[in-house]
Amino acid sequence: MILQKLKKDAEAKLGEKIEEAVITVPAYFDDSQRQATRNAGEIAGFKVKRIINEPTAAALAYGFNKKKDEVVAVYDYGGGTFDISILEITGGGADEQSIMVKSTDGDHHLGGEDIDQEIIKWIGSEYKKQSGVDVTKDELALQRLKEAAEKAKHELSTTLESEINLPFITSGADGPQHLLMKLTRAKLEELAADLIKRSIDITKRAVEASGYNVSQIQEVILVGGQTRMPAIIEAVKQFFNKEPNRSINPDEVVALGAAIQAGIFQGDVKD
């Protein structure tokens, strides 16, 4: 249904029928999961040209296939999942080059969502200290908290403090109650520290499994919206001892790589 909706939206935007698709999947998907994704594409009305790995697509978007041999780490911290892949890129020419996944690891229950949850818990406990009311028990208030937590998190990628302001969050004996507090970047980093560390521990495991050591990895690319967080950029930089590459919008880099793959099939993209 998701693929059908994407097909419809793209057709409406382009004003033409779309018959074929390149679809990306996580590198850890096994054959049956890849086949299921392919089947879903066919049911949605696509002729599925190829299923490609997300980290491979990210590497294509960055044009690493054009260079000579290279070892690339793709650190992908998304909304719901975390993945790390070590890729080996060989051969300069279009005909003999290949992008091999040497190792992949991850946690399918670790993502930006978990950082949001930590913020919600913090707001809830702070507010309870102030007002004596536990707003996390109220479904409607919780939904507003969730939106506010995510908004504050986004703001703290570019500012050092963010105001959380939720008027009429609940009502007490004295009438309506408001919630107003500040969240600093330092506090957010403290709340997220364990979650970031978990991703680095998994990264270390993937590097060990790849047969390379950290100093042999020439490029690190960041994928997924959560990698906009300064603390994550810093943690990745510390681990790999190099500045990670984030010149392409981390939300779009995988889709962009899939589009490049499609362009190669159609002969629009050379090499």
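The values are calculated or read from the model by the stated rules, or taken from the named source; none is laboratory data. Keep in mind it's a predicted model, so treat the numbers as computed, not measured. All Cβ positions, glycine included, derive from the backbone under ideal geometry; neighbour counts span all protein chains shown. Each accessible area value is taken on the protein alone, full model and side chains, heavy atoms only, with ligands, DNA and RNA left out. Shrake-Rupley method; radii C 1.70, N 1.55, O 1.52, S 1.80 Å.
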Residue under question is Ala186, and the condition is that it be small (Gly, Ala, Ser) and open to solvent by less than 50 Å² (accessible area, probe 1.4 Å); does it hold? no
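Table: residues versus (1) within 28 Å of Lys121 (Cβ to Cβ); (2) open to solvent by less than 40 Å² (accessible area, probe 1.4 Å); (3) modelled with pLDDT of 95 or more.
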site	(1), (2), (3)
Ala209	no, no, yes
Ile232	yes, yes, yes
Gly267	no, yes, no
Asp271	no, no, no
Any idea which residue in segment 117-150 is farthest from Leu180 (Cα to Cα), counting only those that are hydrophobic (A, V, I, L, M, F, W, C) and open to solvent by 50 Å² or more (accessible area, probe 1.4 Å)? Leu140
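Give the residues of segment 172-183 that are free of Cβ contacts under 8 Å to residues at least 60 places away in the same chain, assigned to a strand (DSSP E or B) and either over 14 Å from Trp122 (Cα atoms) or open to solvent by less than 40 Å² (accessible area, probe 1.4 Å) (or both), sorted by residue number.
The answer is Gly172, Gly175, Pro176, Gln177, His178, Leu179, Met181.
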Give the residues of segment 108-128 that are at pLDDT 95 or above and farther than 30 Å from Ser171 by Cα, sorted by residue number. Leu110, Gly111, Gly112
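Residue by residue, here is whether (1) of a type in the set (A, V, I, L, M, F, W, C); (2) part of a helix (DSSP H, G or I) holds:
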residue	(1), (2)
Lys146	no, yes
Pro167	no, no
Ile196	yes, yes
Glu208	no, yes
Ala57 touching a residue at least 40 places away in the same chain (Cβ under 8 Å), out of contact with any Cys (no Cβ under 6 Å at 6 or more places or on another chain) and aliphatic (A, V, I, L, M): yes
So which residues in segment 155-171 are open to solvent by 80 Å² or more (accessible area, probe 1.4 Å) and either touching a residue at least 24 places away in the same chain (Cβ under 8 Å) or of a type in the set (Asp, Glu) (or both), if there are any at all? Leu160, Glu161, Glu163
Candidate set: segment 212-271, residues that are part of a loop (DSSP other than H, G, I, E, B) and of a type in the set (A, V, I, L, M, F, W, C); chosen: the one nearest to Leu87 (Cα to Cα): Ile217
I'd like to know if segment 2-9 contains one or more residues that are open to solvent by 50 Å² or more (accessible area, probe 1.4 Å) and hydrophobic (A, V, I, L, M, F, W, C). yes
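Rundown of residues vs (1) modelled with pLDDT of 95 or more; (2) closer than 23 Å to Glu208 by Cα; (3) open to solvent by less than 40 Å² (accessible area, probe 1.4 Å), yes/no style:
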residue	(1), (2), (3)
Ile23	yes, no, yes
Ala27	no, yes, yes
Ile51	yes, no, yes
Asn65	no, no, yes
Val72	yes, yes, yes
Asp76	yes, yes, yes
Gly79	no, no, no
Ile84	yes, yes, yes
Met100	no, yes, no
Go through Arg228, Arg205 for me and flag whichever is in contact (Cβ under 8 Å) with a residue 12 or more places away in the chain, open to solvent by 20 Å² or more (accessible area, probe 1.4 Å) and touching a strand residue (DSSP E or B) at 6+ places or on another chain (Cβ under 7 Å). Arg205
